Amino acid sequence: MEGGWRVRPCALDLIQEVLDRSRDVCKTLYKAPRMSPLGYHDDYLKNGAGAELDMPQLAAYAALFYWRVRPRITRPPTPLW
């Protein structure tokens with residue numbers, strides 16, 4: 001295949017692309033999920049919108065969401081984070 005090397009990006013270009021993406025991720029401001037009774041719903045829409053959950057499955061999703069965020073809700077903020 002003549003000139004096939006021209007089709008693929010150079011290794012330096014790939015490294016630069018990875019570094020650019022990493023920089024963009026690091027610049028992203030983290031927004032903690034809302035701690036309202038429907039806070040799990042925003043998380044579900046963001047992460048699981050492709051899945052159609054019935055009511056028992058959605059209740060399980062909500063329980064797992066609050067189990068995961070409970071330490072953050074009950075623990076006072078620390079300057080180390």
Task: Residues satisfying the stated conditions in segment 8-40, i.e. part of a helix (DSSP H, G or I) and either touching a Leu at 6+ places or on another chain (Cβ under 6 Å) or at pLDDT below 80 (or both) - done: Gly39
Task: Residues of segment 41-52 satisfying the condition of being over 14 Å from Val69 (Cα atoms), modelled with pLDDT under 80 and in a helix (DSSP H, G or I) - done: Lys46, Asn47
Open item on the list: Checking the condition at pLDDT below 80, among the aromatic types (Phe, Trp, Tyr) and either touching a Gly at 6+ places or on another chain (Cβ under 9 Å) or in a loop (DSSP other than H, G, I, E, B) (or both), which residue from Trp81, Trp5 passes?
Closed with: Trp81
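The values are calculated or read from the model by the stated rules, or taken from the named source; none is laboratory data. Here the structure is a predicted model, which means the values were calculated and not measured. Cβ: placed from backbone, ideal geometry, glycine included. Neighbour counts: every protein chain shown.
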